[in-house]
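Asker: My structure is below; once you've seen it, I'll send some questions.
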Amino acid sequence: MNSNVSVFISYSHDTAGHREFILSLANRLRGDGLDCQIDQYVNGFPPEGWQRWMEAQIEQADFVLIVCTPLYLQRYRGQTPDGGRGVNFEGVVISQTLYDHYYRNAKFIPVIPEHGSLDDVPLPLKGYTTYTLPRDYTVLYRLLTDQQATPAPEIGNMIYLPPVAGNGLALNISIAQEAVQPASYTNLPDAAVQSLVTQL
């Protein structure tokens, strides 16, 4: 389990309801032990200015949640010159970071609201899993905290399988378990098999 995880949420100010959705998500993540940051937590404006603040948040965060909506996608692409310069700038930083890392991504996570669309995910992020919130909150939380739902079991010892011998005895021998069993393809009568196994 990974503790002290930092998360930044990149989103567009679509509506008052959407802003409330983002605030609720950030508050929930903080309540569940993650250092989540959004612009709504800043009182007034950051001393270094919004541009440097956004760049620092993206660089320093362990994960960046990108809340994809039609307006966010337009601003990410720089298609709304009348507003949304914050998302426009964040889009440049995100795209450049992915480009610099040859699109090996373990940081930028696309999410969509409950009634959102995968069509709103920016092209550089379409190759990664998108989470629908709040429905997929637990699955997303597992990713952020490195808690697998189905961890792989330990690799066991290999079983020796002898070659098939006509009219002979083939055995499966497990040294670790100190077990000797006839192979499924042994073609001797059961009584003969048991007698030979007992002698061994």
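The values are calculated or read from the model by the stated rules, or taken from the named source; none is laboratory data. None of the values given here were measured: they were computed from a predicted structure. Cβ coordinates were reconstructed from backbone atoms using ideal geometry, including for glycine residues, and neighbour counts include every protein chain displayed.
Yes or no, residue by residue, for (1) free of Cβ contacts under 8 Å to residues at least 12 places away in the same chain; (2) of a type outside the set (A, V, I, L, M); (3) surrounded by 14 or more Cβ atoms within 10 Å (Cβ to Cβ); (4) not in a helix (DSSP H, G or I):
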| residue | (1), (2), (3), (4) |
| --- | --- |
| F8 | no, yes, yes, yes |
| R30 | yes, yes, yes, no |
| G44 | yes, yes, no, yes |
| E48 | yes, yes, no, yes |
| Q51 | no, yes, yes, no |
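Asker: Moving on. So, in segment 119-137, of the ones that are over 17 Å from the mean Cα position of the chain (by Cα) and surrounded by 18 or more Cβ atoms within 10 Å (Cβ to Cβ), which residue ends up modelled with the highest pLDDT?
Answerer: D120
Asker: OK, next. Would you check which residues across segment 108-118 are loosely packed, with under 12 Cβ neighbours inside 10 Å and either in contact (Cβ under 8 Å) with a residue 12 or more places away in the chain or part of a strand (DSSP E or B) (or both) and list them?
Answerer: Scanning segment 108-118 gives E114, L118.
Asker: Can you confirm whether S12 is over 19 Å from the mean Cα position of the chain (by Cα) and crowded, with 21+ Cβ neighbours inside 10 Å?
Answerer: Here the answer is yes, as S12 does meet what is asked.
Asker: Still on this structure, please answer the following. Of all residues in segment 78-87, which are loosely packed, with under 14 Cβ neighbours inside 10 Å and under 21 Å from L98 (Cα atoms)?
Answerer: The one that is loosely packed, with under 14 Cβ neighbours inside 10 Å and under 21 Å from L98 (Cα atoms): Q79.
Asker: So, one more: What number of residues within segment 139-158 satisfy the criterion of being surrounded by fewer than 12 Cβ atoms within 10 Å (Cβ to Cβ) and either in a strand (DSSP E or B) or not charged (D, E, K, R) (or both)?
Answerer: 10
Asker: While we're here: Would it be correct to say that Y103 is at pLDDT below 95, on the phi > 0 side of the Ramachandran plot and out of contact with any Lys or Arg (no Cβ under 6 Å at 6 or more places or on another chain)?
Answerer: Spelling it out, Y103 is indeed at pLDDT below 95, on the phi > 0 side of the Ramachandran plot and out of contact with any Lys or Arg (no Cβ under 6 Å at 6 or more places or on another chain).
Asker: While we're here: Quick check on segment 133-155. Is at least one of its residues out of contact with any helix residue (DSSP H, G or I) (no Cβ under 8 Å at 6 or more places or on another chain), farther than 23 Å from S6 by Cα and among the acidic types (D, E)?
Answerer: Yes, some residue in segment 133-155 is out of contact with any helix residue (DSSP H, G or I) (no Cβ under 8 Å at 6 or more places or on another chain), farther than 23 Å from S6 by Cα and among the acidic types (D, E).
Asker: While we're looking at this one, here's another question. For V92, which of the numbered conditions (1) under 22 Å from the mean Cα position of the chain (by Cα); (2) at pLDDT below 95; (3) assigned to a helix (DSSP H, G or I) fails to hold?
Answerer: (1)
Asker: Which one is surrounded by the fewest Cβ atoms within 10 Å (Cβ to Cβ), of the residues in segment 53-69 that are touching an Asp or Glu at 6+ places or on another chain (Cβ under 7 Å) and part of a loop (DSSP other than H, G, I, E, B)?
Answerer: Per the criteria, the residue is T69.
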